[in-house]
Amino acid sequence: MKAYCVFCKTGSENFVAQSINAIDNTIKAIVPVRVLQEKISGRWEEREHLLIPGYVFIYVEYEVSFNPMKILSGFYKVLEYQTGKRELIGPDYEYAEWIYRHNGRIGPSKVLVEGSTVKVIDGALIDGIGTITKLDRHKRRAWVEFDFEGRIQRVSLSVIDICSVKTSS
């Protein structure tokens with residue numbers, strides 16, 4: 001499967017993805033979201049937030065023409081490498097595949113804390129994509145760094161069922 005990334009106007013991601021999917025039913029356009037647990041009126045609720053505002057990922061089995069998409073409102077361009085290649089490769093492709101495996105919805109992960117070591121035991125982060133740089137147990141958040149488009153992207157993702165295991169000396 002080939003993966004591409006489209007840069008679009010922030011706020012128009014869903015419109016662009018739905019329009020691309022309508023243009024050709026063999027294309028799967030995904031707007032990646034992260035599902036965060038947020039405390040609202042004393043209760044934990046799940047809310048969706050864009051993972052990377054302004055980006056839509058496209059997945060196809062064959063070469064695709066982007067010409068019909070260029071007229072879409074909010075569509076800016078297809079990202080490309082300095083070589084002119086548009087198909088995602090290397091860490092960018094791995095990141096896009098991770099999004100695809102989770103159907104664009106990055107839900108909470110379960111982690112186990114052992115001393116200063118954080119081990120992911122279930123959820124999207126179990127795939128080993130990204131590095132956990134900070135853990136806030138009170139807010140149920142893990143800050144994760146990803147390499148995408150040659151830059152480090154830092155996002156907060158939800159973690160649940162954080163269990164502490166004390167190591168014996």
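See the values below:
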read-out	value
Check on Thr83, without any contact (Cβ under 8 Å) to a residue 40 or more places away in the chain and either closer than 30 Å to Gly42 by Cα or among the aliphatic types (A, V, I, L, M) (or both)	no
Conditions (1) open to solvent by less than 20 Å² (accessible area, probe 1.4 Å); (2) closer than 16 Å to Arg105 by Cβ; (3) modelled with pLDDT under 95; (4) not polar (S, T, N, Q): number failed by Arg34	(1)
Selection within the stretch 139-152 - modelled with pLDDT of 80 or more and either open to solvent by 20 Å² or more (accessible area, probe 1.4 Å) or basic (Lys, Arg) (or both)	Lys139, Arg140, Arg141, Trp143, Glu145, Ile152
Residue list for the stretch 12-25, restricted to those being assigned to a loop (DSSP other than H, G, I, E, B) and open to solvent by less than 70 Å² (accessible area, probe 1.4 Å)	Ser12, Asp24
Within the stretch 1-11, considering residues that are among the hydrophobic types (A, V, I, L, M, F, W, C) and over 13 Å from Pro68 (Cβ atoms), the one surrounded by the most Cβ atoms within 10 Å (Cβ to Cβ)	Cys8
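The values are calculated or read from the model by the stated rules, or taken from the named source; none is laboratory data. Computed from a predicted model, the values in this text were never measured in an experiment. Positions of Cβ are backbone-derived with ideal geometry, glycine not excepted, and every protein chain shown enters the neighbour counts. The accessibility values were calculated without ligands, DNA or RNA, using every heavy atom of the protein model including side chains. Shrake-Rupley method; radii C 1.70, N 1.55, O 1.52, S 1.80 Å.
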